[in-house]
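The values are calculated or read from the model by the stated rules, or taken from the named source; none is laboratory data. No experiment lies behind these values; they were computed from the predicted model shown. When we count neighbours, we look across all protein chains shown, and the Cβ atoms used for this are built from the backbone with ideal geometry, even at glycine.
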Amino acid sequence: MGWRMSEAVRAMTAEAFLDWCLGQEGRWELVDGVPVAMAGARRGHDLVVVNALTSLRPALRGGPCQPFTGDFAVRIPNGNIRRPDVGVDCGPVDLNGLTATDPRLVIEVLSPSTRTFDAIGKLREYQRVSGLLHIILVDPDEPRVWHWRRPAGGSWSDLLLEGLDAVVELPELGATLALRDLYEGLTFRHRLHPVPEPPA
């Protein structure tokens, strides 16, 4: 028997949440013990996700790392469960698994309703994930990407990349993400307000 909605809103453990998700429609994240439904994506958002996967898959083929979509989850040390738009997992492959065992990269495509939280709150959560080396925030409305990188044993640093000629370097994964490829099929009409800078 699946969870009733009255049960779903109670504080859940990560394990209970993942089991609960198997019987639900749509995608959900766990935030402070409460399931939160994720909104559907606009076409531009979806194109960026498809382009990122298309770029990463050939570079990773034959190696120990696999790309994954937002249907797969990343565990946050505080107990939250997040579903980045795109990620790379370098852990053992479990075809019945529900979460990445060794995530090295996550990509979030910003949306109007969540761009501020993704750029500050969710970023801080990802930065606490052990082993994660790259966090990429993509603006779907113009060719602009924020890339946070943490070398093994080092601390996080960030780089703003703008323009279709820019390239995100992912040396630990043996891959790159060219913005020209990432934004293939998109047109740009106007600039939005910049994403708020995370606190120091």
Could you count how many residues in segment 126-140 are crowded, with 17+ Cβ neighbours inside 10 Å and either modelled with pLDDT under 95 or farther than 19 Å from Pro64 by Cβ (or both)? 7
Yes or no: segment 104-111 includes at least one residue that is modelled with pLDDT of 95 or more, farther than 24 Å from Ala39 by Cα and not assigned by TED's automatic domain parsing to the domain that holds Leu22. yes
